[in-house]
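A quick write-up on the structure given underneath.
Coordinate-derived values only; no laboratory data. Source: prediction; values computed, not measured. Counting neighbours? That spans all protein chains shown, and the Cβs are built from the backbone with ideal geometry, glycine included.
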């Protein structure tokens, strides 16, 4: 079956535990803007992320706090930083890459925190039932135009799920996509 | 039919006419290394490329001279420079983007020169005959792994063609590919 789904392009970003957040900042996080995923938001707070070869400034913290620290970057970012993070679904950070976070208050190194997020399609259980898919199911994203291709992606079902496909900037640039472009989801 | 083809990742680079080259440099171009495409080579000479929003240093000139000026960049580069070049096959530069080249000798602006190269599979006429394909034919590149996908690409037949697929860094990073990786060519 073919459906239409909107694209959300994820830039590098950071999820932190409350404990790690307060090692980096003195004040509580402040909301900059809501994300499409219900209850999630981008904070005004940013840090510099650093690897063996380079660093990237102004990388944004996402809220709310999570039970793990996770820095999501693209393969392009990884080359710049000198890291080789695995491609993972969110939350699977065992044996992921080590990365350093620098705020004006502190510098901390997270041993297992840095991943390249896999391509995924967010949805809530109701949408999943309508589309007849299960969590982690492999689906296909068909992109038209002069950089046409078919990308593999994974279904991600959560109670707060808003129906959209998350790609990183490498994927988006390789496909000539911009935020909110509508593409074909093939199940 | 399925074949194996090696990947060559193209970084941003420049082809120049003899006239434009000597506007930028006083000495003749010197070879740095041969490319796989027979008779083509990377020069030691580099320039800075500049757009409305930014610039990229150390962008390499390729030899030999061509009958047109062409600056090939990725979509990522285009965002950094503030340009919106079309996706084109090499040599199709009509109505392409304007870009500025800066050497120690001179600064020149090329009105129609900057493109994002389309994905293409180089081959010579003999290989094309074996594979039963014609120039510009659409073919598919199947990439396995944790960033699996199928990319559309175009056959490019030339007398000096060495059989390989040219992708830019956006494509390569989106697919988790490195130079000389072998992928499936589906015809």
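Descriptive notes on the structure:
- Restricting region A:60-95 to residues that are part of a loop (DSSP other than H, G, I, E, B) and crowded, with 21+ Cβ neighbours inside 10 Å, the residue that is farthest from the other protein chains (Cβ to nearest Cβ) is A:69.
- Counted as qualifying within region A:103-187 are the strands (runs of 3 or more DSSP E) with 2 or more residues that are over 16 Å from the mean Cα position of the chain (by Cα), farther than 17 Å from residue B:152 by Cβ and within 14 Å of chain B (Cβ to nearest Cβ), namely A:138-143.
- Beta carbons closer than 9 Å, at least 6 apart along the sequence or on distinct chains, pair a first residue in region A:18-32 that is closer than 14 Å to residue A:62 by Cα with a second that is in a helix (DSSP H, G or I) for A:28/A:21; A:28/A:22; A:29/A:21.
- Condition broken by residue B:138, with the remaining ones in (1) in contact with a strand residue (DSSP E or B) (Cβ under 9 Å, 6 or more places away or on another chain); (2) more than 18 Å from residue B:5 (Cβ to Cβ) satisfied: (2)
- Selection of region A:33-55 for residues being touching a residue at least 24 places away in the same chain (Cβ under 8 Å) and within 16 Å of the chain's Cα centre (by Cα) yields A:35, A:36, A:37, A:38, A:39, A:40, A:42, A:49.
- All positions within region B:89-106 that are within 18 Å of residue B:59 (Cβ to Cβ) and in contact (Cβ under 8 Å) with a residue 12 or more places away in the chain: B:90, B:93, B:96, B:97, B:98, B:99, B:100, B:101, B:102, B:103, B:105, B:106
- Of all residues in region B:1-24, those satisfying the criterion of being part of a loop (DSSP other than H, G, I, E, B) and surrounded by fewer than 19 Cβ atoms within 10 Å (Cβ to Cβ) are B:1, B:11, B:17.
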